[in-house]
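The values are calculated or read from the model by the stated rules, or taken from the named source; none is laboratory data. The shown structure was predicted, so the numbers you read here are calculated from the model rather than taken from an experiment. Positions of Cβ are backbone-derived with ideal geometry, glycine not excepted, and every protein chain shown enters the neighbour counts.
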Amino acid sequence: MTRFSSILVANRGEIACRIIRSAKAQGYRTVAVYSDADAKAPHVQMADEAVHIGPSPVNESYLVVDNILNAAKSSRAEAIHPGYGFLSENANFARACDDAGLVFIGPSPDAIYLMGNKAEAKRRMITAEVPCVPGYEGQDQDDETLLREGANIELPLMVKASAGGGGRGMRLVDKADELANAIKLARAEAAAAFGNDELILEKAIIRPRHVEVQVFGDSHGNIVHLGERDCSIQRRHQKVVEEAPCPIMTEALRNKMGAAAVAAARSIDYCGAGTVEFLLDESDKFYFLEMNTRLQVEHPITELITNRDLVALQLQVAQGEPLGFSQNDVTLNGHAIEVRLYTEDPSQDFLPTSGPVDLWSPPSGAGIRVDSGICTGQSISPFYDPMVAKIIASGPTRNIARLRLIEALKETVLFGTRHNRDFLVSCLEKDCFTEGKATTAFIAEEFAEGEIAHQQPTFADNAVAAVLDMRLQHLDLYERSVLVAPQLRDWASASPLVSRKQYSQGEEVHDLSITPLGDSRYSVFDENNTVVIHLLSMGDSTAHIDIDETHHVVRYHLPEEGKLYLSIDGRAAQYSDMIRMDGAQDQTAGSGSVVAPMHGLLLEVHVAAGDTVEEGQTLAVLEAMKMHYEIVASAAGEVTEVLALAGNQVAADDLLIEIEVAD
């Protein structure tokens, strides 16, 4: 057996925190690594020791093998846990760990290499008689061959990076004339993300479920599966909502899929935690999609229904110990659902966002688990994946787990950077999800154009913000006053005091008046509405209020003068008092000004001054958070100026191109 007592976690964020938590509970000494951007991150604070590994970009820190190995050497770590992403499915890294005398907590380098290459993996699965999707997985990779082979596959088809994962290097092709551009974009994205531009082509299975099976093997030849997870709700081929077990699973189908997953793992002598992913069509036929040779993001839902710590099992197997249980010992109890909290804007095609974490307050309660990697005062960096937390609920039934998760999300507070919390609640409340009918087409089918938008605050929300804003302003003034009795607050000897707050929400301006009624009651009104707010109590970030005699718990935060964050009943909004901000004007550029939608690396610029462009034409390509984004013209016209250069980093809202819009 291979024994170790110290573990370096070669990752960051919530998964690093989760691994460190389990490892410390097992008695291991833990070592974290961090880049410049993560110097004050929670995983750094949790570990027994932390080692700096380089600048913020991943190619200069978390993806540099020598930096990780040097950190292990300097910290005297004996084993390395890669987490997921980064180097977790890099066979060369696993081999380098072996060569350095370090235990790699994962499968063998050969298994990682084989299953990490979609083409090789598919060829092996065909040999192992695991059902596979029809397509092309050949070694001839020139564009002409791919175009020719693609023409032989029934549309729609998928172009996939052979070494890919997480939706990167993947394009759906609906029309034959889209294939060439899809191949170009997928190649570029695959090369940037994985250092390998090999592609495969597959027939797209329409409206399937994405169902994966958790497998576990040890070095003694034991391989079991721990049931399945349904991960059908996705955007950009990245999972958003996951649940276990699959809501339509039968025992017979589970046995077939489980047997196929175990056969896939056994065909490569698999050891450790792995996931075999399948597409399940409407007739209950399933097809091998890929195998992830690592711990999955969604592993907590399997832990909750099997009552097994998968990280602890990884450490056990890595020590050379047997699993200690057989397939007959695996039972599934209750139901668990997980959602991924991303810093992104669902109303802008889920565009990633970055910025400050002014307040992070996760939920708690019966059946609630939160795996996060952020803290108040931190910043969301543009250099990494936008997933910042996982909110998980479990219960004896699927509906209890669903209802618990909805309430937990409404209690979740993340102020400072736009995120997808409201969208997640909407997903869980859709009849399609409630009835267990969601497929990979869920978002496209369930959300009409314009429906995926930031939930607008109600008049009552605005009134609460106005009262809290005014009260905070008065408290600040009162603390700076001399010899003013608290009883005189909100009092005047003449007519009733009337304060005014003016907030902008999009293109709409809310002009509110507030009149104290005594006993911490306030009448708030505009030309069309009136509401009475009773401020019962007010702490540092939580207030208890009555709105027209109905009780509410409100979370708020004042990041700076004139700005207020508010979360009430699952709705969140940011307020800027236009009066106190001295009438600051909206600086949003017109339709002729093309700005960077986020921080990132500008890979390509396709236009020059004097060019004529059409609406929807690609102007530039931006790489951010491991994805490539095409920046398109919002209107037809003539390019008058190009202010950005390919190869340069740009910040969100940087002006890139000016267009004189055609009449």
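Some values worked out for this structure:
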quantity: Meets criteria (assigned to a loop (DSSP other than H, G, I, E, B) and either in the same structural domain as Ser232 (by TED's automatic domain parsing) or more than 28 Å from the chain's Cα centre (by Cα) (or both)) for Gly320; calculated: yes
quantity: Any hit, region 591-609, residues being part of a loop (DSSP other than H, G, I, E, B), at pLDDT below 75 and more than 27 Å from the chain's Cα centre (by Cα); calculated: yes
quantity: Residue list for region 426-441, filter: under 30 Å from Tyr565 (Cα atoms) and touching a strand residue (DSSP E or B) at 6+ places or on another chain (Cβ under 9 Å); calculated: Cys427, Leu428
quantity: Any hit, region 201-223, residues being over 30 Å from Cys432 (Cβ atoms), assigned to a loop (DSSP other than H, G, I, E, B) and under 28 Å from the mean Cα position of the chain (by Cα); calculated: no
quantity: Residue satisfying condition, being out of contact with any helix residue (DSSP H, G or I) (no Cβ under 7 Å at 6 or more places or on another chain) and not assigned by TED's automatic domain parsing to the domain that holds Ala190, within set Gly101, Gly116; calculated: Gly101
quantity: Matching residues, region 348-358, being buried (at least 17 other Cβ atoms within 10 Å of the Cβ) and not in a loop (DSSP other than H, G, I, E, B); calculated: Leu351, Pro352
quantity: Subset tally (residues that are among the polar types (S, T, N, Q) and not in a strand (DSSP E or B)) for region 268-294; calculated: 2
quantity: Ala121 being buried (at least 19 other Cβ atoms within 10 Å of the Cβ) and either modelled with pLDDT of 95 or more or charged (D, E, K, R) (or both); calculated: no
quantity: In region 624-651, the residues that are touching a helix residue (DSSP H, G or I) at 6+ places or on another chain (Cβ under 6 Å) and either modelled with pLDDT of 90 or more or in a strand (DSSP E or B) (or both); calculated: His628
quantity: Only listed residue being surrounded by 21 or more Cβ atoms within 10 Å (Cβ to Cβ) and out of contact with any Pro (no Cβ under 6 Å at 6 or more places or on another chain), chosen from Phe415, Phe383; calculated: Phe415
quantity: Lone qualifier among Ala448, Ala444, Ala408, Ala463 - being farther than 21 Å from Gln502 by Cα and in contact with a strand residue (DSSP E or B) (Cβ under 9 Å, 6 or more places away or on another chain); calculated: Ala408
quantity: Candidates Glu144, Glu178, Glu189, Glu228, filtered to the one that is buried (at least 23 other Cβ atoms within 10 Å of the Cβ) and without any contact (Cβ under 8 Å) to a residue 40 or more places away in the chain; calculated: Glu228
quantity: Some residue of region 44-63 being acidic (Asp, Glu) and either under 23 Å from His299 (Cβ atoms) or touching a helix residue (DSSP H, G or I) at 6+ places or on another chain (Cβ under 6 Å) (or both); calculated: yes
quantity: Given (1) among the β-branched types (Val, Ile, Thr); (2) out of contact with any Pro (no Cβ under 9 Å at 6 or more places or on another chain); (3) farther than 30 Å from Glu120 by Cβ, number of the condition Val311 does not satisfy; calculated: (3)
quantity: Total residues in region 228-259, condition more than 17 Å from Tyr287 (Cα to Cα) and touching a helix residue (DSSP H, G or I) at 6+ places or on another chain (Cβ under 8 Å); calculated: 10
quantity: Cross-chain or 6+ apart pairs with Cβ under 8 Å, region 102-126 first and free of Cβ contacts under 8 Å to residues at least 12 places away in the same chain and on the phi > 0 side of the Ramachandran plot, then in a helix (DSSP H, G or I) and of a type in the set (Lys, Arg); calculated: none
quantity: Within region 620-655, tally of residues that are over 27 Å from the mean Cα position of the chain (by Cα), surrounded by 16 or more Cβ atoms within 10 Å (Cβ to Cβ) and closer than 25 Å to Arg187 by Cα; calculated: 2
quantity: Answer residue from region 410-464, given it is polar (S, T, N, Q), farther than 22 Å from Tyr575 by Cα and part of a helix (DSSP H, G or I) and is modelled with the highest pLDDT among those; calculated: Thr434
quantity: Some residue of region 497-519 being surrounded by 15 or more Cβ atoms within 10 Å (Cβ to Cβ), modelled with pLDDT of 90 or more, of a type in the set (A, V, I, L, M, F, W, C) and more than 27 Å from Thr417 (Cα to Cα); calculated: yes
quantity: Residue check, Ser88 under 30 Å from Gly258 (Cβ atoms), surrounded by fewer than 22 Cβ atoms within 10 Å (Cβ to Cβ), of a type in the set (S, T, N, Q) and out of contact with any Leu (no Cβ under 6 Å at 6 or more places or on another chain); calculated: no
